[in-house]
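To start, the structure under review is shown below, and the notes come after it.
The values are calculated or read from the model by the stated rules, or taken from the named source; none is laboratory data. Worth saying up front: this structure is predicted, and the values here are computed from it rather than measured. Note that each Cβ is placed from the backbone with ideal geometry, even for glycine, and that neighbours are counted across all protein chains shown.
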Amino acid sequence: MGKMAAAVSSMATLATEPGEDAFRKLFRFYRQSRPGSADLGGVIDFSAARGPRPGAIKVVRSQLNVSSVSEHDACRAGLQPVSKWQAYGLEGYPGFIFIPNPFLPGYQWHWVKQCLKLYSQKPNVCNLDKHMTKEETQNLWEQSKELLRCKEVNKRKPRSLLEKLRWVTLGYHYNWDSKKYSADHYTPFPSDLAFLSEQVAAACGFQGFRAEAGILNYYRLDSTLGIHVDRSELDHSKPLLSFSFGQSAIFLLGGLKRDEAPTAMFMHSGDIMVMSGFSRLLNHAVPRVLPHPGGEGLPHCLETSLPAVLPKDSLIEPCSVEDWQVCASYLKTARVNMTIRQVLAPDQAFPLDPVEETKGDITTDGSCHLDDQRSQVKRARLSPDS
């Protein structure tokens, strides 16, 4: 307990030192932290249902709208009945809701497979499009599955295209240079993901939420997500929904300015975060993906397979042993995060922009992109302004 208190005190000192902003100091602290040490003593773990600690922000229970989502609709999306969800908030962060893994046992398999096998396909735009032709990135899954299966036997195999994937956009495409969405670059939003998002939003009190854009981030163990604010959506009254799968990570939620020290929390596989109201436009970042405590392995919740028989009207699709073998091999050293947004208010249209976008804009890296140590030199050469 003394080491934990010392770690919290050390972080508080870091956050108040002059010079570099408080958020970036703690970002660097957690980026260099040592798993299993006192470095992570100040990180909130909602799944452990821990109470408030000295010097830590108080965790409070959040109320959900249980009657807004039927058990049948929750099950169709692979979720437990809302009455069984645990939801938490943080004092000082109104509108922030954290829901530790509300998925039915085994049902995360569907969403992992969709992220890797389906959502990564064309016509969706991804980071690889900047350096490769559409034909070369047409089906990343088919090009990668044999390499990923062989990883179990020979870890010296080169990285597959899926392992080089950093982001994919769904629906309205986000332009990383202009920081704007565009109606000119639109791909059909997946119906299963839209339904999942609508159920979660309704349970959190946001009836009528429309999933119009999604950014999928694919993290390796050395990846980070820089400090940023998601303000590009034209309607900020709707929440931002975040779904995590795979290895755990540290999420930092800060204030309106970077001189405010952020609060650190773990994101585990299956966890859902909702940022709304005041918390919708706060600075946030992911400084660290945490390796599995026992070496390369999967979180316990991913060891349970999908049921052999699924309900007839379920949106969840079966996952073959072969497909899951590829997914499991990938997730042993990675995590996937989906952030779903409503871009426009009802009856709202995109404003006319006199500046025409260039073709290269749709795949240019931006400052809030995923970053990893291996790509730092190459990225600096390609994107000097990022």
The residue from Glu233, Glu198 that alone is of a type in the set (Asp, Glu), in contact with a Lys or Arg (Cβ under 9 Å, 6 or more places away or on another chain) and farther than 27 Å from Cys301 by Cα is Glu233
message: Take Ser223 and tell me if it is farther than 21 Å from Ala77 by Cα and small (Gly, Ala, Ser).
response: yes
Item to complete: Say whether the condition of being in contact with a His (Cβ under 6 Å, 6 or more places away or on another chain) and modelled with pLDDT of 95 or more is met by at least one residue in the stretch 226-241.
Response: no
Considering the stretch 177-205, residues that are part of a loop (DSSP other than H, G, I, E, B) and small (Gly, Ala, Ser), and then whichever is nearest to Leu26 (Cα to Cα), we arrive at Ser178
The correct count of residues that are part of a loop (DSSP other than H, G, I, E, B) and surrounded by fewer than 23 Cβ atoms within 10 Å (Cβ to Cβ) in the stretch 271-293 is 7
Q.
Any residue that is on the phi > 0 side of the Ramachandran plot and surrounded by fewer than 22 Cβ atoms within 10 Å (Cβ to Cβ) - is there at least one of those in the stretch 199-211?
A. yes
- Message: With the structure loaded, tell me whether Ser305 is of a type in the set (S, T, N, Q), crowded, with 19+ Cβ neighbours inside 10 Å and either modelled with pLDDT of 95 or more or outside any helix (DSSP H, G or I) (or both) or whether it fails that test.
- Response: no
Quick count over the stretch 15-47, residues being of a type in the set (A, V, I, L, M), surrounded by 19 or more Cβ atoms within 10 Å (Cβ to Cβ) and either part of a loop (DSSP other than H, G, I, E, B) or at pLDDT below 90 (or both), is 1
When (1) in contact with an Asp or Glu (Cβ under 9 Å, 6 or more places away or on another chain); (2) aliphatic (A, V, I, L, M); (3) within 17 Å of Ile340 (Cβ to Cβ) are applied to Ile97, the one that fails is (1)
Buried (at least 19 other Cβ atoms within 10 Å of the Cβ), more than 21 Å from the chain's Cα centre (by Cα) and not hydroxyl-bearing (Ser, Thr, Tyr): is that true of Leu148 in this structure? yes
When every residue in the stretch 270-315 that is β-branched (Val, Ile, Thr) and in contact with a Pro (Cβ under 9 Å, 6 or more places away or on another chain) is compared, the one farthest from Pro239 (Cα to Cα) is Thr304
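From the list Gly214, Gly208, which one is outside any helix (DSSP H, G or I) and out of contact with any strand residue (DSSP E or B) (no Cβ under 8 Å at 6 or more places or on another chain)?
Testing whether each residue is outside any helix (DSSP H, G or I) and out of contact with any strand residue (DSSP E or B) (no Cβ under 8 Å at 6 or more places or on another chain) leaves just Gly208.
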For this session: Please indicate, with yes or no, whether at least one residue in the stretch 190-210 is modelled with pLDDT under 95 and of a type in the set (Val, Ile, Thr).
Result: no
